[in-house]
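See below for the structure under consideration.
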Amino acid sequence: GTLASICRVKNKFSGCIRSMKTIKKAFIDLQEDEKNFMKEIAILRTLDHMAILKIYEFYQDDKCFYLIMEYCNDGDLFDKIQKEAPFNEYTACHVVYQILSAIVYCHSNNIVHRDIKADCILIESIENIVHNGEEFPLFHIRLTDFSSARSFNKKKKLTKKIGTSYFIAPEVLNRNYNEKCDVWSIGVLLFIMLCGKPPFWGESDKEILEKVKTGKYDWRDDEW
């Protein structure tokens, strides 16, 4: 993209394969955006969980930031949903188990993600297994994109409206929420994986958000 690029790199000494995200300083607001970017790096450096993308190194020069990360070579969950959904229940269960495990870990460390969606779930590898004579894939995933994440105080409510229309929780729209907004987003993701369509649908963001507020979801009998 215009702002950043990601490429596959190799450590010359260890031979380890990583991914490197290069972010051009010329295309960001170096005061606010750099502050948010550095906050995201600080959060990721404190997290160590098998289902959260690992950050190994961070560099910068006059022109760019360089982020060395764990390498995932099977794309993201959004692409898989577009191509293969609806998923087998075992496939969906395995994905949600990993995401919930990562989010329980984040919440126990007083970190709320606030923007869980299919795009921020990378697939590290795919394992095909056979159950009751049927073969289906298990996706080993990594949760990414902590740009909207922040630390929280259990005694205080969060008020900033942030998130993606299909996945945002109603309490976030009402600007009175806590870390459990992540659980709502995971529920929406599970719904999409099992039927191939989002529970809240509309011709515009405004229409989608109105349905989220009222809890009016689309239950398509033919797709279920």
Subject >> Accessible-area order (highest first, 1.4 angstrom probe) of the listed residues Arg220, Arg175, Arg45 >> reply: Arg45, Arg175, Arg220
Original post:
Rounded to a whole number, what % of the accessible area of the chain do carbon and sulfur atoms account for, probe 1.4 Å?
Top reply: 50 percent
**OP:** Describe numerically, in nm with one decimal, the distance between label points set 7 Å from Cα along Cα→Cβ at Phe27 and at Val130.
**Re:** 4.7 nm
Original post:
Put Ser147, Ser108, Ser165 in order of accessible area, largest first, 1.4 Å probe: what do you get?
Top reply: Ser108, Ser147, Ser165
**OP:** On a C-alpha basis, how far is the centre of the range 63-78 from the centre of the range 113-150 in Å? Whole number, if you could?
**Re:** 15 Å
Original post:
Which one, [x] 58, 47, 30; [y] 59, 56, 28; [z] 55, 47, 34, gives Cα extents along the principal axes in Å as derived from the coordinates shown?
Top reply: [z]
Original post:
Can you list the HN-Hα couplings for the range 10-27, worked out from phi with the Karplus curve (6.51, -1.76, 1.60; θ = phi - 60°), rounded to whole Hz and with x for Gly and Pro?
Top reply: 10, 6, 5, 8, 8, x, 5, 8, 9, 10, 10, 9, 10, 10, 7, 5, 5, 9
Original post:
Ordering Met20, Met193, Met50 from largest to smallest accessible area (1.4 angstrom probe), what's the sequence?
Top reply: Met50, Met20, Met193
**OP:** Could I have the simple spin-label model distance between Asn178 and Met38, label points 7 Å from Cα toward Cβ, reported in nm to one decimal?
**Re:** 3.2 nm
Original post:
What whole number of Å gives the distance from the Cα centroid of the range 163-224 to the Cα centroid of the range 1-55?
Top reply: 29 Å
Original post:
Given the protein chains as shown and a 1.4 Å probe, how many square angstrom of Trp224 are accessible, to the nearest 10?
Top reply: 110 Å²
Original post:
Using r as the Cβ-Cβ distance of Arg8 and Val104, and R0 as 25 Å, what FRET efficiency do you calculate, to the nearest 0.05?
Top reply: 0.20
Subject >> Area of Thr46 that stays accessible when all protein chains are in place (1.4 Å probe, Å², to 10) >> reply: 90 Å²
**OP:** Could you provide, to the nearest whole Å², the per residue accessible area of the range 1-105 with probe 1.4 Å?
**Re:** 63 Å²
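The values are calculated or read from the model by the stated rules, or taken from the named source; none is laboratory data. Here the structure is a predicted model, which means the values were calculated and not measured. Glycine gets a Cβ as well: all are built from the backbone with ideal geometry, and neighbour counts include every protein chain shown. What goes into the accessible areas is simple: the full protein's heavy atoms, side chains included, and nothing from ligands, DNA or RNA. Shrake-Rupley method; radii C 1.70, N 1.55, O 1.52, S 1.80 Å.
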